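Note sheet for the following structure.
Derivation of every value follows stated rules applied to the coordinates shown; laboratory data play no part. Everything numeric here is computed off the predicted structure, so don't read it as measured data. Cβ placement follows ideal geometry from the backbone for every residue including glycine, while neighbour counts extend to all protein chains displayed.
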Amino acid sequence: MDKQAAPRLRLHRLAAAFALAWLSLAGGPAAAAGLAKATAEGESPASEAARAENNTNNNGSSNNGLRLSGFATLGLTHNDNATAGAISSFSQTRPVRQGWSANLDTVLGLQLEWQLLTQTSLLLQGVARAGEDMQPQLRIAYLRQQLAPGLSARLGRLRTPLYFDSDIAEIGYANLAVRPALPLYGMVNSVASLDGGDLQYRHNIGDASLLLQAYAGGYDYQHRFHNLNPVQSADASLRGLRGFSLSAHLPQAMLRFSRTEIDRYTLRSEQVTQLNTGLAQLGGALQQMASNPQLTQPFAAALAAKAQALPALSNPFDNRPIYTSLGADANWQQWRVLAELTHMDSRSDLVGRYRGYSFTLARSWGDFTPYLSVARQQRLGPKLDTSALAPLGLDPALDVGLSQLRAGLEQAQQFADLSTRSFSLGLRWDWRENMALKAQFDTVQTPDSRTPGALAVPALPFVPKLQLFSLTLDLVF
């Protein structure tokens, strides 16, 4: 395919997707009203179990049979920075580079629910994003079984439960702002789903509804290294994922706490393989030098110790993260407050440990809701110790290899630092039922010119601040 045909094909896919969404909206306003009602009542429109159990998203048809619904966002974003791109996740193929682009927020999602039996249902959800060339992705595919009053089980592919808004991160209409805060959600949006299952228990206490969820499983995705030219991909694999969440739905607020542990979060790519090969070769050379009988015993022991320390530097991006989130969404008269505190401990010196927060304040005047938001993700704790790769001064060729590997790992550590902060001002206009127009200005900044944070940075140093202006049309149907 020639270079001019590829953009035309992406444009045709985008136009066809939104034509389908518009036709679905025109043909099914009752379904859209149900989804909007779920949002207004504080239920996530992506929270399939809540809708199935409470029937808040009923389009007027019987519980038996098929039910189609969906969501869409048509968005344009302008980026003023020529040295850094904006991404919503590290699985995004095409960042928003300098100028206008639809790649950050434009999305189409279709959902099909099939009530197989009175207590059994099947749910499928597919998503296509402009930032991934509108290639369809299966986000949800699970079987839900009601086990007892208030107790249900789901098995298959679920929406990710990592953070407060993870399950609605792609549903623009369900978010007050254009998107969840990039400093926080840029880290976790790559884990879009969970392949496994969960148990959910609901219990009402007066006007409050409690939901306890326990989940387990894994997930695979393509992680993009936007710092390489051309951009390279790695096979990301999460295994041994398990956790729980506790949510409280109150008349004027929703609270949610979650904690998720992952036993193995691995990244495998050609570059990682090359690094591992180089470390193994250097380790072998050091062991051979340490066996030289002409060396003094202390010096030989030091060489052997250095050789034994090198394997610990292999597969440097592998980690065992623990994600913790505490979020709230509260209303008082015309005011609305959203807040979230997060903590991520990767249990890896290269990937690091992070503390984050986001805070949004909004006030409604009729159909118009202006808002402001601040968010920050900050790295904590020590960094990877690369002293085992310090030159020895014995062999020039060996010293060159050690220096090159050390420089590569230290640069990888710079690109792995996700410290980012943002400030946003926006206006939401609910101009008709189930549709909202939004305009938002963002300032996104990292600590310095050598810390890419949650941005797509092809080379260091770079200008560590970018300004985004976004216009979106959100709808549910």
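Would you mind classifying segment 314-467 by shape? Square roots of the alpha carbon gyration tensor eigenvalues, ordered a ≥ b ≥ c; an a/c under 1.5 is rounded, otherwise it is prolate if a/b is larger than b/c and oblate if not. Numbers along the way, then the final one.
On the way: a/c = 4.10, a/b = 2.53, b/c = 1.62.
Note, shape of segment 314-467 comes out prolate.
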HN-Hα couplings for segment 115-122 via Karplus (6.51, -1.76, 1.60; θ = phi - 60°), in whole Hz with x for Gly/Pro, come out as 7, 6, 9, 4, 10, 10, 9, 10
Relative contact order in percent for the chain (Cα pairs under 8 Å, 6+ apart) equals 15
Of the candidates LEU267, LEU471, ASN103, the farthest towards the positive dipole end of the chain (Lys/Arg Cβ +1, Asp/Glu Cβ -1, centred on the Cα centre) is LEU471
In the list [x] 137; [y] 148; [z] 158, the entry giving volume of the Cα convex hull per residue in Å³ computed from the coordinates is [z]
Once the in-chain neighbours fewer than 8 apart are removed, the aspartates and glutamates whose Cα is under 12 Å from LYS383 read ASP349, GLU410, ASP417
Phi angles of segment 307-324, converted by Karplus (6.51 cos²θ - 1.76 cosθ + 1.60, θ = phi - 60°) into ³J(HN,Hα) in whole Hz with x for Gly and Pro, give 4, 6, 7, 5, x, 5, 8, 6, 6, x, 8, 5, 8, 9, x, 10, 9, 10
Taking a straight Cα-to-Cα line shorter than 12 Å from LYS465, and setting aside same-chain aspartates and glutamates fewer than 8 residues away, one finds ASP80, ASP442, ASP448
Counting only residues 5 or more apart in sequence or on a different chain, those whose built amide H sits under 5 Å from that of TYR354 are MET344, ASP345, SER346, LEU380
Taking the chain and counting helices only, DSSP H stretches of n ≥ 4 at -39,500 (n - 2.57) each over all residues, the nearest-500 ellipticity at 222 nm comes to -7000 deg cm²/dmol
Between the residues GLN378, LEU241, ALA339, the Cα farthest towards the positive end of the dipole of the chain, that dipole coming from +1 and -1 charges on the beta-carbon of Lys, Arg, Asp and Glu, is from ALA339
The ³J(HN,Hα) series, computed from each phi in segment 94-104 with the Karplus coefficients 6.51, -1.76 and 1.60 at θ = phi - 60°, rounded to the nearest Hz and given as x for glycine or proline, is 10, x, 8, 7, 4, x, 8, 7, 9, 6, 7
Ranking GLY126, ALA141, ILE171 by how far each Cα lies towards the positive end of the charge dipole of segment 123-186 (+1 on Lys and Arg Cβ, -1 on Asp and Glu Cβ), the top one is ALA141
The extension gain from LEU246 to LEU155, computed as 0.36 nm times the residue separation minus the Cα-Cα distance, is 30.8 nm
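In debye, nearest 20: dipole of the chain around its Cα centre with unit charges on the Cβ of K, R (+) and D, E (-)?
Here the chain has a charge dipole of around 160 debye.
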Computed about the Cα centre, the charge dipole of segment 407-477 from +1 Lys/Arg and -1 Asp/Glu charges at the Cβ has a magnitude in debye, to the nearest 20, of 140
